[in-house]
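Participant: The structure follows.
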Amino acid sequence: MRPAWIALAVWIICVVGYVGIHGYIGRRHFYRTNAAGVEEFKSYGHAVLSQLFEAFLALLNLVFLLGGTIAMILTIGAPHRYWVCLARHSRSVGGNPTRPTFAPAGSTRGGPGGNEWAEALLEKAS
């Protein structure tokens, strides 16, 4: 179950990183541009370093874009069983690793029933 959720988390991180860096570069360009549409710098050295820094950020942005695309393909291509995690979630409780911790919706230990989760939780706690 973990690979699909890891790919989804990587995709979210890549999308947020891409949007953030893209916005930061655009903001720097906007505030450097005068009324005539020409970029102004304090000095030649500042112009060179700004351009190099933004080129590095553009490459990092490309890495985020490619990583996000690959993670999205892995997320979409994950089998359906990875996304049905609450229906059958097994966890070791009381030394019995085969007993599911959460029962399917609408059922309790005694069998199918209504809203008896509170009783099941109290029974499990004692």
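Participant: Applying the selection to the range 8-61, what residues are in contact with a helix residue (DSSP H, G or I) (Cβ under 7 Å, 6 or more places away or on another chain) and in a loop (DSSP other than H, G, I, E, B)?
Facilitator: Those that are in contact with a helix residue (DSSP H, G or I) (Cβ under 7 Å, 6 or more places away or on another chain) and in a loop (DSSP other than H, G, I, E, B): Glu40, Phe41.
Participant: Answer yes or no as to whether Ala71 is of a type outside the set (Phe, Trp, Tyr) and surrounded by fewer than 13 Cβ atoms within 10 Å (Cβ to Cβ).
Facilitator: Details: of a type outside the set (Phe, Trp, Tyr): yes; surrounded by fewer than 13 Cβ atoms within 10 Å (Cβ to Cβ): no.
Judged against the criteria, Ala71 is not a match.
A short reminder: the numbers here are calculations on the coordinates, not readings from a lab. Computed from a prediction, not measured in an experiment: that's the story for all the values here. Neighbour counts are summed over all protein chains in view; Cβ atoms, including those assigned to glycine, are modelled from backbone coordinates with ideal geometry.
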